[in-house]
Structure formats: structure tokens, C-alpha cells
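S.K.: I'd like to ask you about the structure that follows.
The values are calculated or read from the model by the stated rules, or taken from the named source; none is laboratory data. Given the structure is predicted, the values throughout are model-derived calculations rather than measurements. Cβ atoms come from the backbone with ideal geometry, glycine included; neighbour counts cover every protein chain shown. Note: accessible area is taken over every heavy atom of the protein model, side chains too, but ligands, DNA and RNA are not part of it. Shrake-Rupley method; radii C 1.70, N 1.55, O 1.52, S 1.80 Å.
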Amino acid sequence: MSGQNTGHWFASIDSPTYIGLGQQTNPDAAATGNAHEGRIAEVLVYDHPLDKAERQLISAYSDAKYRLGSSSILEPPSDGLTFWLDASDPDADPKTPIPDSNQPLSAWIDKINGIALTQSESKRQPRIHRPNTLNAPTVRFDDSLLIAKTKSAPFYRHTSGAIVMIYGVEHRDEGYGFSVGGKEDCLTTVIYPN
């Protein structure tokens, strides 16, 4: 998702108060259904629409990390990166080991600003998915929801930008991934699989 502000980017949300991941939410950040069913590997938010060269770099990064199992490209492009959730580092501390497969994830922390998306209800917590030690991990969502109640995410003031989500989808109906909202407004990624 990438674009200019035509009334539908973060700066157009009146008083944003939360960031959500995994379900459609109402302005109070409560789940309303249409859960994402599948795995999310990364969420990246940039402060500008990505040009062709940046999109190619992200594609090369994603291919190296998730398709080829290579660590040759360790990070995505960093110019303008304002938010980054990475399943390879869910606590945003590269010194700690990656949790084992099927471990519940009560918090996923943004690597840029330390914003923690959390879930205290164990039945709503997503789980780490790691098929083997050679593949990069993902976070498995199945009626799961992570929320950060915050009024100060740096990207809230952006009038244009890009959202990059690296994920796998397993559902047949619409599903909601990353969302930002407050009062009566919400900006969200929606997936309509074929």
C-alpha cells in the first residue's frame, strides 16, 4: 500500500489513539471481526511512497530472507522507515533468541520506536510459526489481535507514505491486517484473496 494523502492517510485520522494488527477494529480498538487468518512476517511503514528502486530493494530483501533462506540482505531499506515489526526479532532485541515455534506472542515490539503491540488474553495471542531453523519465522494469526494504545506514533503525522506487509494468507474471505484509528476514523490494510 503506497500513496498520497487524498483524505486517507495517517495525518487524515482525527486524533489517532491505537495501532492494531490482526483484526478489523472499531474506533475504540475493539475487535469487530474479519480476522486475518495466516502468517505475518513483517510490517514496515515508510514516511514516503516508495520509488521503483526502493520497491526492488524490498523485494530482494524479502526474497533473500523468506524464499531463499539467506541472510545476505539483513535489513530492508531504512530511508524513511518509521515503524518495523519483524517476526525474526519480536521483542526488538537482537540479543535474545527467537521464540520456539507455536509459542504465544503477548507482545510484538516495533524496532524503530519501541512501540509495543500487546494482547493480555491468551486465547487472542498470535503464535510464532517456525517450520524449521533454516526458515525465517512468522507470526501466525487466527482470530488474534495485537493492540498498541498510543497517541504518539511518529507516522501519525505523515501525509503520504507506504505500508509494506510481508505475509501469507490462509483465509477465503476478507481479512484485516494493520490498522490505525481513533475517534471515528480508521486506516487499515484489507486482504481479499482470490
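S.K.: Are any of the residues in region 48-67 small (Gly, Ala, Ser), in a loop (DSSP other than H, G, I, E, B) and either open to solvent by 40 Å² or more (accessible area, probe 1.4 Å) or at pLDDT below 80 (or both)?
M.R.: no
S.K.: Here are some residues: Tyr66, Tyr46. Which one is among the aromatic types (Phe, Trp, Tyr) and farther than 29 Å from Asp185 by Cα?
M.R.: When all the criteria are applied, what remains is Tyr66.
S.K.: Residues that are charged (D, E, K, R) and either closer than 19 Å to Ile163 by Cα or crowded, with 18+ Cβ neighbours inside 10 Å (or both): does region 91-108 have at least one?
M.R.: Scanning region 91-108 turns up no residue that is charged (D, E, K, R) and either closer than 19 Å to Ile163 by Cα or crowded, with 18+ Cβ neighbours inside 10 Å (or both).
S.K.: Follow-up question, since we're still on this one. Among the residues of region 151-167, which ones are under 22 Å from Asn26 (Cα atoms) and buried (at least 18 other Cβ atoms within 10 Å of the Cβ)?
M.R.: If the condition is that a residue be under 22 Å from Asn26 (Cα atoms) and buried (at least 18 other Cβ atoms within 10 Å of the Cβ), then Ala153, Phe155, Tyr156, His158, Ile163, Met165 are the ones that fit.
S.K.: Just to verify a result, which residue in region 103-126, among those that are at pLDDT below 95 and of a type in the set (Lys, Arg), is nearest to Asp47 (Cα to Cα)?
M.R.: Restricting to residues being at pLDDT below 95 and of a type in the set (Lys, Arg), the top hit is Arg124.
S.K.: Can you run down the residue pairs with Cβ atoms below 7 Å, 6 or more apart or on separate chains, where the first is in region 158-179 and of a type in the set (Gly, Ala, Ser) and the partner is modelled with pLDDT under 75?
M.R.: Close Cβ pairs (under 7 Å, with a partner that is modelled with pLDDT under 75) amount to Ser160/Gly3; Ser160/Gln4; Ser160/Asn5; Ala162/Met1; Ala162/Ser2; Gly175/Val169; Gly175/Ile191; Gly177/Ile191.
S.K.: Another one. Given the condition under 16 Å from Ser179 (Cα atoms) and either modelled with pLDDT of 95 or more or assigned to a loop (DSSP other than H, G, I, E, B) (or both), answer yes or no: does some residue in region 31-41 qualify?
M.R.: Yes, region 31-41 contains a residue that is under 16 Å from Ser179 (Cα atoms) and either modelled with pLDDT of 95 or more or assigned to a loop (DSSP other than H, G, I, E, B) (or both).
S.K.: Please go through region 17-34 and pick out each residue that is at negative phi and open to solvent by 20 Å² or more (accessible area, probe 1.4 Å).
M.R.: Across region 17-34, the qualifying residues are Thr17, Gln24, Asn26, Pro27, Asp28, Ala30, Ala31, Thr32.
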